[in-house]
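Student: Sharing a structure here in structure tokens format.
The values are calculated or read from the model by the stated rules, or taken from the named source; none is laboratory data. No experiment lies behind these values; they were computed from the predicted model shown. We place every Cβ from the backbone using ideal geometry, glycine too, and count neighbours over all the protein chains shown. Quick note on the areas: whole protein, heavy atoms, side chains included, nothing else; ligands and nucleic acids left out. Shrake-Rupley method; radii C 1.70, N 1.55, O 1.52, S 1.80 Å.
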Amino acid sequence: MSGGEERYSGLLRLDKPPGVTSHDAVLEVRKRLGSPGAGHLGTLDPPASGLLLVALGSATRAIPVWSGLDKVYEARIRFGVTTSTQDTAGEVLSTADASGLDEATIREQAQAFLGTIRQVPPMVSALKVRGTRLHQLARRGIEVERQAREVTVHTWEWRSFELPEAAFRVRCSSGTYVRTLAHDLGAALGCGAALAALRRTEIGAWRVEGAATIDELGREPDHELLARAGTPLDRALEGLPTVIVDPAGAALIGAGRRPVVTRGHAPLLAGPRSVAFRAAEGRVLALGELEGHADPRLALACPRVVFPWAVRTGGRAEPLPAELATPPHE
């Protein structure tokens, strides 16, 4: 990324190819865009392709804001086989005759996996157990007990049937393992099943169409690539409740203080990144939460993440104006 100007802060839509880990894809972003702190918003398995959202610049400090977004996947399932990894790349553990399967039976059994269900994370997942990722343990031949977790499958649409394979599209909550959906459906049908292909097409409001590819990084001018596949931080945080602060309030936030603000419809005590504090022109200055005030129309702004452009120049060396130096009324 060219120097001389403030580095880009926002989200980059990257179309990860199969065969590349999410970590390695982010390394390419860091290297080719000159964004050393870049980080992704959720792992996509190496055999899978599709949308990887990468936070650049100060957007990395807001990653928890987007961590719970729903995701959409397009996948292919193969019936009649179970594997060590719940996909066809793993060691085959068993095979079964799936010739008796029909479309109606598959559709009917899949209905049981709609809504909120309990799912045991696979051993090849990035979930940590006592500080070690499950897939790292699996590579060493170690299997540990995993607790079932609640996930939500909003929709499960079947796209085509060419048995013993079928294609589907699923919209699900963050933390849902599509390979485990395939495995569990196969178990319910009595013949086993494994995931044959997976592509992530949506994360929240972001879609894979128009996303940058790894080959385009560094080859297309940065400003053009980011204009096409990037979402500036101010826009990426539009889903958060907003509180507008005046210049005096912005000065207090930039100095680590807590101004009294007009609450609007923002929630109280909803978490350390539950509210975006913005200047009148829309620039996000900080993320934080609101505490109550004697006047229900007002609230105490409690910034938890103050972005660099909002920090008062010189920090403590530059005192607040006298009219702002008194503590806000609580």
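Student: Decide, for the stretch 171-239, between rounded, prolate and oblate: order the square roots of the alpha carbon gyration tensor eigenvalues as a ≥ b ≥ c, take rounded if a/c falls under 1.5, and otherwise choose prolate if a/b is larger than b/c, else oblate.
Tutor: It is oblate, given that a/c is not under 1.5 and a/b is not larger than b/c.
Student: Choose one answer from D215, D246, D15: the residue with the largest mean-square fluctuation in a GNM of the chain with alpha-carbon springs under 10 Å.
Tutor: Greatest mean-square fluctuation among the candidates belongs to D215.
Student: For the chain, report the accessible area per residue in Å² (1.4 Å probe, heavy atoms, rounded to an integer).
Tutor: Solvent-accessible surface per residue comes out at 49 Å².
Student: So for the stretch 220-315, averaging the separation of alpha carbon pairs under 8 Å that are six or more residues apart and normalising by length, what relative contact order in percent results?
Tutor: Answer for the stretch 220-315 is 27 percent.
Student: Same structure, new question: Out of the total accessible area of the chain (probe 1.4 Å, heavy atoms of protein only), what percent is carbon and sulfur?
Tutor: 50 percent
Student: Ok, one more. Go through the stretch 42-118 and name the GluC sites (Glu not before Pro) that are in a DSSP coil and have 16 or fewer other Cβ atoms within 10 Å of their Cβ.
Tutor: Counting only loop positions with at most 16 other Cβ atoms within 10 Å, the GluC sites (Glu not before Pro) in the stretch 42-118 are E91.
Student: Let me make sure I get this right: for the chain, a, b and c are the square roots of the gyration tensor eigenvalues over alpha carbons, sorted descending. Under 1.5 in a/c it's rounded, otherwise prolate if a/b > b/c, else oblate. Which is it?
Tutor: prolate
Student: Measure out, as a whole number of angstrom, how far apart the alpha-carbon centroids of the stretch 158-223 and the stretch 234-273 sit.
Tutor: Rounded to whole Å, the Cα centres lie 37 Å apart.
Student: Normalised by the residues of the chain, what does the relative contact order come to in percent, with Cα pairs under 8 Å and at least six apart?
Tutor: 19 percent
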